[in-house]
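Comments concern the structure below.
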Amino acid sequence: MRVPHYATRSLVALTLAGLLAGCGKDSTAPDAPFDPAGTSSDIEGMQSSFDSPAMEGYASASASISAVLGESPSAAAVRAAPTKALVAGGKRGATAYAVTLAKAYRRPGGGGQASVSAAAIPAEYLGVTFTFNTDSGKYLPSELTGAPEDGVRFVVYAINPISGVPVEPLVEVGHADIVTTETANAITVQVLLVSGGVTYLDYSVGATGNAYSLTLAVSGYVTNGDDRVNFDLDNQLSETALSIDYVLTVPTRGGFRLAIEFGATETTSTADVEVRGEHGRVHLSGSTTDGAGALDVEVNGELLAIITLSPDAEPVVTGAEGQALTEDELEALRNIILVVGAGLDFFEDLIDPIG
């Protein structure tokens, strides 16, 4: 199963979501006056929730952990850990995450089939704690106790910000426990990242599929100790269609909420993005056919701007009535254009085959 070409033409529509996430409101309260500066703070809080020494250690260790676990759904779940890339746009935006997640769950040598029936964690690793060996640069089994009996534990360490590898001498900053449950055609992987008795990341990845389609659900939360993001991410990919349904909320910021619905076929894509928070509500909706179309941007129910998309040119932004936009609004729209421009570089990656 390949990543369909329609995904490349649809990236522009979805990467807009990254910036629009800065303009939210609680989902039940009346709309507050739109405050671009306040919403910028909210989106920064959403992104910074993914920043902590424990998360840095886990991100640095993910490739090594995956190498230990081999070509299994548990390794794929580690590689698919949600990051602030989900709300960053461009190469690291939500579309990129959806496609990367699908690639992670390929079945090696299986023509792109979903890897949902392979053994999750080698039996000899169950109950084992792995630690990093500085001589080999690899994770190796240790005599430490505490790992889940039906899973495996990896100790994570403080990271050198320049080299991106653990500092020496090693400084432990937490551990990641990985547990899997599986049936004949489905598997769920649970990952728990703990540091100093605090859970910084708790998520599960559930996968079902066959040679022709793949359904992936990722749910959980991440925190830096101050802000917290709850996420519920659903991905469906087949030979003829792609759809994602993402909801991210920040309970520590008045229920700040980003919801993305995105669908695409071989020629047409649709996007519906709504963001709500204490500083207003933004709604983006529209569609493209063969890369050409338009997206409406509404603030608190009023049309603010129209973004016209074409396959061979940068997006064109106009005010709803041709009116001049404020500096904050202009800055927001400039950022949207930058996000789209960055996303164009990802086109080639999106058409790489899965598997």
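Computed quantities for the displayed model
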read-out	value
Odd one out for Gly164, checked against (1) without any contact (Cβ under 8 Å) to a residue 60 or more places away in the chain; (2) out of contact with any Phe, Trp or Tyr (no Cβ under 9 Å at 6 or more places or on another chain); (3) in a loop (DSSP other than H, G, I, E, B)	(1)
Residue match in region 253-269 (condition: within 14 Å of Ile43 (Cβ to Cβ) and small (Gly, Ala, Ser))	yes
Asp234 over 23 Å from Glu44 (Cα atoms), assigned to a strand (DSSP E or B) and of a type outside the set (A, V, I, L, M, F, W, C)	yes
Any hit, region 74-94, residues being under 24 Å from Ser195 (Cβ atoms), surrounded by 15 or more Cβ atoms within 10 Å (Cβ to Cβ), basic (Lys, Arg) and at pLDDT 65 or above	yes
Residue within region 102-121 that is aliphatic (A, V, I, L, M), modelled with pLDDT of 95 or more, touching a helix residue (DSSP H, G or I) at 6+ places or on another chain (Cβ under 7 Å) and closer than 17 Å to Arg79 by Cβ present	no
Residue selected from region 170-184 under the condition of a type in the set (Asp, Glu) and over 11 Å from Val194 (Cβ atoms), by the criterion modelled with the highest pLDDT	Glu172
Some residue of region 298-310 being surrounded by fewer than 16 Cβ atoms within 10 Å (Cβ to Cβ) and either small (Gly, Ala, Ser) or within 30 Å of Asn224 (Cβ to Cβ) (or both)	yes
Test: residue in region 137-156 that is among the basic types (Lys, Arg) and either free of Cβ contacts under 8 Å to residues at least 12 places away in the same chain or crowded, with 20+ Cβ neighbours inside 10 Å (or both)	yes
Breaking point among (1) within 29 Å of Gln190 (Cβ to Cβ); (2) of a type in the set (S, T, N, Q); (3) part of a loop (DSSP other than H, G, I, E, B), for Thr249	(3)
Checking Gly255 against (1) touching a residue at least 24 places away in the same chain (Cβ under 8 Å); (2) under 22 Å from Glu327 (Cβ atoms); (3) surrounded by fewer than 21 Cβ atoms within 10 Å (Cβ to Cβ), the condition it does not meet	(2)
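The values are calculated or read from the model by the stated rules, or taken from the named source; none is laboratory data. Everything numeric in this text was worked out from a predicted model, so none of it was measured. Note that we place each Cβ from the backbone using ideal geometry, even for glycine, and neighbour counts take in every protein chain shown.
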